[in-house]
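Below: one structure, written as C-alpha cells.
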Amino acid sequence: MDSVVPVNGEERAPLLPSPSPPSAAVAEDDQIRPWPSDHDPFLPLPGGAAPPEPPAAPSDPKQRLASLDVFRGLTVALMILVDDAGGAFPSINHAPWFGATLADFVMPFFLFSVGVSVALVFKKTPNKMAATKKVILRTINLFLLGLVLQGGYFHGRNHLTYGVDIDRIRWLGILQRISIGYFLAALSEVWLVSSILVDSPMSYVKKYYMEWIIAILISATYVCLLLGLYVPNWQFEAPGSNSTLSSSYYGTKIETVQCGVRGSLGPPCNAVGSIDRLLLGQQHLYHNPVYKRTKECSVNSPDYGPLPPNSPAWCLAPFDPEGLLSSLMAAVTCFAGLHFGHLIVHFKSHAQRILLWSITSLILVLCAFVVQLSGMPFSKPLYTLSYMFLTAGASGFLFILIYYIVDVNQLKMTFILFQWMGMNALIVYILAASELFPAFIQGFYWRSPQNNLVNATESILQTIFHSKRWGTLAFVLLEILFWCLAAGFLHMKGIYIKL
C-alpha cells in the first residue's frame, strides 16, 4: 500500500513516493484513479462523466494521463489503417505466418494498454469481493460484445446481409482475447498484490512478485504445450481443393492433414490449432486464416491469391488467430503493462519512470531475440514467446515516446486527435474497426448496391491519385480523421460510451 505505516511506534513515509488515492472506494466504475483516464481502453469512464482537462504536470494526482489516451487512440487508428489499407499494401498487413509487420503490433498494443489501466484502476482495493464482481461482469460484457461483433452475425463492408448459423458461430476474436487478458491481469491485481508499503526496491518486488510468478507460469505452460503436445493427423471439411489428399464422405469433401508430430510451429501441425480444434470445434474457428497468404497457399504471396499447383490440403483449413492457447500467452502482455502501471503508481519523477520503463523494454526486446535465436520465431498467429517479448518491448518503447512528448514536454496538441479517439476507443472500434458504420452507410445506395457513398468516395480518391493503392490509402486516412473528429465531438459533449 502507498499510505504510511507505523514502524516502531513512528510513522515512516514511503521511500518511493506515489500519488495519494482520491478515495477508499473499490474501483467503483474506475473511481480509483490517480488520473481520471485510468480505465480499460475498451471500458467506460465513471458514469459517463466527462474527464477533466489536465493541469500542468503529470505528477499531479488529479491530472489525466494523456499519454495513455494517445497510446490507445493511436492503436485504434493503426487497426483501421492495417485492416482497410493492408490489402493495398501487403507489407503492412499481418505476416503470413512467421515474422512481424506493422499489423502484428496492434493487438499487443491493446493488451499492453489494458495492463497499464488495470494497474491504475485497482491500485487500492479494500473490498476485494466487490472488485472481483466488477472484473467478472466486465469480462463477460467484453466477451459477449466480441461474440456479437466477430462471431459472424455482421458480415461487414460490401455485404448488405447479416445473420449467423449458431452451429458455425466463431467463439473467439479480438475483444474475447482482450477480455481474457483483462480477467487474468485484473484478478491478479486484486488478489495477489501484497499490502506492504513500497519504500525500497526490495519491497516493490515483494509487493508484486506473485504477479510475475503467474506470468512466468503462464509462459511456461504455453511453451510446454506448444513444444510437447502430440498433434495427430486430422481431417476437415473443404469447400474445394486441388490437393490429392481428399475423399468423399456423404457428399462432403474431406481433406486429411498428415501430422503425427510434436513441437511443430508450422501452420498445419501446431499445438495451438490442435487445442482449438479439440475444444472449440473446427466449425467455430476462423475460416480465412492468415496462412492463406503463404507461398504454399497463394500465388500472390504475401497477399491473398489463387492456390498454387499442388498446394497442401491445409491451405483450406480453418485456424483461429485468437485461439485458446495463444490467448493465454497473449495475457502475459497485459502483465507487462501492469508493471508499467505500477511504476506510475510508485514513482512521481519523469526521469525515474522513463529510466525504469526503458530498462524493462530493452530487456524484453533482448529476450525476444534470444528466444528467436534459440529456435522459436516471431509468430502472431501462435503468439510465440519470442513474439510476446518483442511486441511487449515495442509497446513499452512506444509508450515511453508518447509519454515523453505528451506528458513530459506537454505537447498535447500534437496528438490531440488520437487523444480524443483514445477517450472513446470502444465506440470507434465497434463502428469503424468492426465495419458497422461503413456497412450501414452502404445500405443507402442508388439503384445498385455498388452505388453508395462509401464506394463512391474511395473511387473518387483513386481517380484523383491515379492509383488504386494510393487512393485507397487516402480514403483510409480520411476515415481515420473522420473518427478522430467524431470522437472529439463526443468528448466535447461529455459522452463516453460504456458497456
- Among A432, A392, which is open to solvent by less than 20 Å² (accessible area, probe 1.4 Å), of a type outside the set (S, T, Y) and modelled with pLDDT of 90 or more? A392
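Select from region 379-406 the residues that are at negative phi and of a type in the set (F, W, Y) and list them in ascending order. So that I can check it myself, show each step before the final result.
Restricting attention to region 379-406, the residues satisfying the condition of being at negative phi are 379-382, 384-406.
Of everything in region 379-406, those that are at negative phi and of a type in the set (F, W, Y) turn out to be Y387, F389, F397, F399, Y403, Y404.
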- Query: Just wondering, is there one or more residues in region 377-385 that are farther than 30 Å from P239 by Cα, open to solvent by 20 Å² or more (accessible area, probe 1.4 Å), part of a helix (DSSP H, G or I) and in contact (Cβ under 8 Å) with a residue 12 or more places away in the chain?
  - Reply: yes
- Note on the structure: Over region 68-99, the set of residues of a type in the set (S, T, Y) and over 28 Å from V116 (Cα atoms) is S91
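Return a yes/no flag: does region 164-182 have any residue that is part of a loop (DSSP other than H, G, I, E, B), under 16 Å from G337 (Cβ atoms) and over 22 Å from the mean Cα position of the chain (by Cα).
Keep residues of region 164-182 that are part of a loop (DSSP other than H, G, I, E, B), which gives 164-165, 169-173.
Next cut, under 16 Å from G337 (Cβ atoms) only: none.
No.
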- Message: Kindly evaluate V118 against the criterion of being open to solvent by less than 20 Å² (accessible area, probe 1.4 Å), out of contact with any Pro (no Cβ under 8 Å at 6 or more places or on another chain) and over 30 Å from V454 (Cβ atoms).
- Response: yes
- Task: Considering each of D84, D69 in turn, give the residue that is acidic (D, E) and either free of Cβ contacts under 8 Å to residues at least 12 places away in the same chain or within 30 Å of P268 (Cα to Cα) (or both).
- Result: D84
- Task: Taking the residues in region 253-282 that are touching a Leu at 6+ places or on another chain (Cβ under 7 Å) and open to solvent by 40 Å² or more (accessible area, probe 1.4 Å) as candidates, determine which candidate is farthest from W314 (Cα to Cα).
- Result: L279
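Just wondering, is there one or more residues in region 302-317 that are of a type in the set (D, E) and open to solvent by 10 Å² or more (accessible area, probe 1.4 Å)?
Here is the first cut: in region 302-317, the residues of a type in the set (D, E) are 303.
Checking which are open to solvent by 10 Å² or more (accessible area, probe 1.4 Å) leaves us with 303.
Checked against the condition, which is being of a type in the set (D, E) and open to solvent by 10 Å² or more (accessible area, probe 1.4 Å), region 302-317 yields at least one hit.
Here is a check on your reading of the model: is P449 outside any helix (DSSP H, G or I), within 18 Å of P108 (Cα to Cα) and not aromatic (F, W, Y)?
Details: outside any helix (DSSP H, G or I): yes; within 18 Å of P108 (Cα to Cα): no; not aromatic (F, W, Y): yes.
For P449, the condition - outside any helix (DSSP H, G or I), within 18 Å of P108 (Cα to Cα) and not aromatic (F, W, Y) - is not met.
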- Message: Which residue is surrounded by the most Cβ atoms within 10 Å (Cβ to Cβ), if the candidates are limited to region 401-429 and must be closer than 18 Å to C484 by Cα and polar (S, T, N, Q)?
- Response: Q419
- Name the residue, out of F369, F335, F389, that is free of Cβ contacts under 8 Å to residues at least 40 places away in the same chain and under 21 Å from L68 (Cα atoms). F389
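Okay, residues lined up against (1) under 16 Å from L338 (Cα atoms); (2) part of a helix (DSSP H, G or I); (3) in contact with a Phe, Trp or Tyr (Cβ under 9 Å, 6 or more places away or on another chain):
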residue: V135; (1), (2), (3): yes, yes, yes
residue: L147; (1), (2), (3): no, yes, yes
residue: Y204; (1), (2), (3): yes, yes, no
residue: Y208; (1), (2), (3): yes, yes, no
- Message: Given (1) of a type outside the set (S, T, Y); (2) open to solvent by 10 Å² or more (accessible area, probe 1.4 Å); (3) touching an Asp or Glu at 6+ places or on another chain (Cβ under 8 Å), identify the lone condition not met by F109.
- Response: (3)
- Message: Name the residue that is nearest to the chain's Cα centre (by Cα), counting only residues in region 442-499 that are under 16 Å from R157 (Cβ atoms), at pLDDT 90 or above and among the aromatic types (F, W, Y).
- Response: W483
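Scan region 127-159 for residues that are more than 21 Å from the chain's Cα centre (by Cα) and surrounded by fewer than 13 Cβ atoms within 10 Å (Cβ to Cβ) and jot them down.
Pass one, region 127-159, residues more than 21 Å from the chain's Cα centre (by Cα): 127-133, 153, 155, 157-159.
Within region 127-159, M129, K133, H159 meet the criteria.
Only one of G251, G266, G260 is at pLDDT 90 or above and at positive phi. Can you tell me which? Spell out how you get there, then give the answer.
Numbers: G251 fails: at pLDDT 90 or above; G266 fails: at positive phi.
None of the other options fit; the residue is G260.
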- Item | Among (1) open to solvent by 10 Å² or more (accessible area, probe 1.4 Å); (2) more than 21 Å from G173 (Cα to Cα); (3) assigned to a loop (DSSP other than H, G, I, E, B) - the single one Y286 does not satisfy | (2)
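Please go through region 278-307 and pick out each residue that is among the small types (G, A, S) and touching a Pro at 6+ places or on another chain (Cβ under 9 Å). I'd like the intermediate steps shown before the answer.
Taking region 278-307 as the starting set, the residues that turn out to be among the small types (G, A, S) are 281, 298, 301, 305.
Residues satisfying the conditions are S298, S301.
Quick check: is even one residue across region 462-482 in contact with a Pro (Cβ under 6 Å, 6 or more places away or on another chain) and either open to solvent by 40 Å² or more (accessible area, probe 1.4 Å) or aliphatic (A, V, I, L, M) (or both)? Working first, answer last.
Keep residues of region 462-482 that are in contact with a Pro (Cβ under 6 Å, 6 or more places away or on another chain), which gives none.
Checked against the condition, which is being in contact with a Pro (Cβ under 6 Å, 6 or more places away or on another chain) and either open to solvent by 40 Å² or more (accessible area, probe 1.4 Å) or aliphatic (A, V, I, L, M) (or both), region 462-482 yields no hits at all.
Within region 443-455, which residues are open to solvent by less than 30 Å² (accessible area, probe 1.4 Å) and closer than 21 Å to V82 by Cβ? Steps first, answer last, please.
Restricting attention to region 443-455, the residues satisfying the condition of being open to solvent by less than 30 Å² (accessible area, probe 1.4 Å) are 452, 454.
The one that is open to solvent by less than 30 Å² (accessible area, probe 1.4 Å) and closer than 21 Å to V82 by Cβ: V454.
The values are calculated or read from the model by the stated rules, or taken from the named source; none is laboratory data. Bear in mind that the values here come from a model prediction, so they are computed numbers and not experimental data. Neighbour counts are summed over all protein chains in view; Cβ atoms, including those assigned to glycine, are modelled from backbone coordinates with ideal geometry. With ligands, DNA and RNA removed, areas are computed over all heavy atoms of the protein, side chains included. Shrake-Rupley method; radii C 1.70, N 1.55, O 1.52, S 1.80 Å.
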